[in-house]
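I have a structure here, written as structure tokens, and I will follow up with some questions on it.
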């Protein structure tokens, strides 16, 4: 399976990394690497993340990494990373392009 990052997911990853880097650039770098490492794992185990509770769709799942949610959609030949959110943030519908 191929992994595709949405522009929103890349933007959010950068914002969170920048925020962490204010206190510790090394911690920010480690955090980004941990996100990419976990996302790479879903190439072979696409259903390893849990269903997103507020959406209840089998094709949209999430990985929980520390205090963050990596929301992704499983498609026939692609896994699309839709967004990255802090666990305490509400997940808006526009982040995953469903109404």
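The values are calculated or read from the model by the stated rules, or taken from the named source; none is laboratory data. Bear in mind the structure is a predicted one, so any value in this text is a computation, not a measurement. Neighbour counts run over all protein chains shown; Cβ positions are idealised from the backbone, glycine included.
Within the range 6-29, does at least one residue satisfy the condition of being in contact with a strand residue (DSSP E or B) (Cβ under 6 Å, 6 or more places away or on another chain), outside any helix (DSSP H, G or I), in contact (Cβ under 8 Å) with a residue 40 or more places away in the chain and within 21 Å of residue 93 (Cα to Cα)? Walk me through how you get there before you give the answer.
Step one: list which residues in the range 6-29 are in contact with a strand residue (DSSP E or B) (Cβ under 6 Å, 6 or more places away or on another chain), which gives 6, 8-9, 12-13.
Keeping just the survivors that are outside any helix (DSSP H, G or I) gives 6.
Pick out the ones that are also in contact (Cβ under 8 Å) with a residue 40 or more places away in the chain and you get 6.
Checking which are within 21 Å of residue 93 (Cα to Cα) leaves us with 6.
Within the range 6-29, one or more residues are in contact with a strand residue (DSSP E or B) (Cβ under 6 Å, 6 or more places away or on another chain), outside any helix (DSSP H, G or I), in contact (Cβ under 8 Å) with a residue 40 or more places away in the chain and within 21 Å of residue 93 (Cα to Cα).
Okay, moving on. For the range 55-99, give me each residue that is free of Cβ contacts under 8 Å to residues at least 60 places away in the same chain, closer than 20 Å to residue 15 by Cβ and not in a strand (DSSP E or B).
66, 67, 87, 88, 89, 90, 91, 92, 93, 94, 96, 97
Go through the range 60-77 and report how many residues are touching a strand residue (DSSP E or B) at 6+ places or on another chain (Cβ under 9 Å) and exposed (fewer than 13 other Cβ atoms within 10 Å of the Cβ).
3
Could you tell me whether the range 33-54 includes any residue that is loosely packed, with under 12 Cβ neighbours inside 10 Å, part of a strand (DSSP E or B), modelled with pLDDT under 90 and under 15 Å from the mean Cα position of the chain (by Cα)?
Within the range 33-54, one or more residues are loosely packed, with under 12 Cβ neighbours inside 10 Å, part of a strand (DSSP E or B), modelled with pLDDT under 90 and under 15 Å from the mean Cα position of the chain (by Cα).
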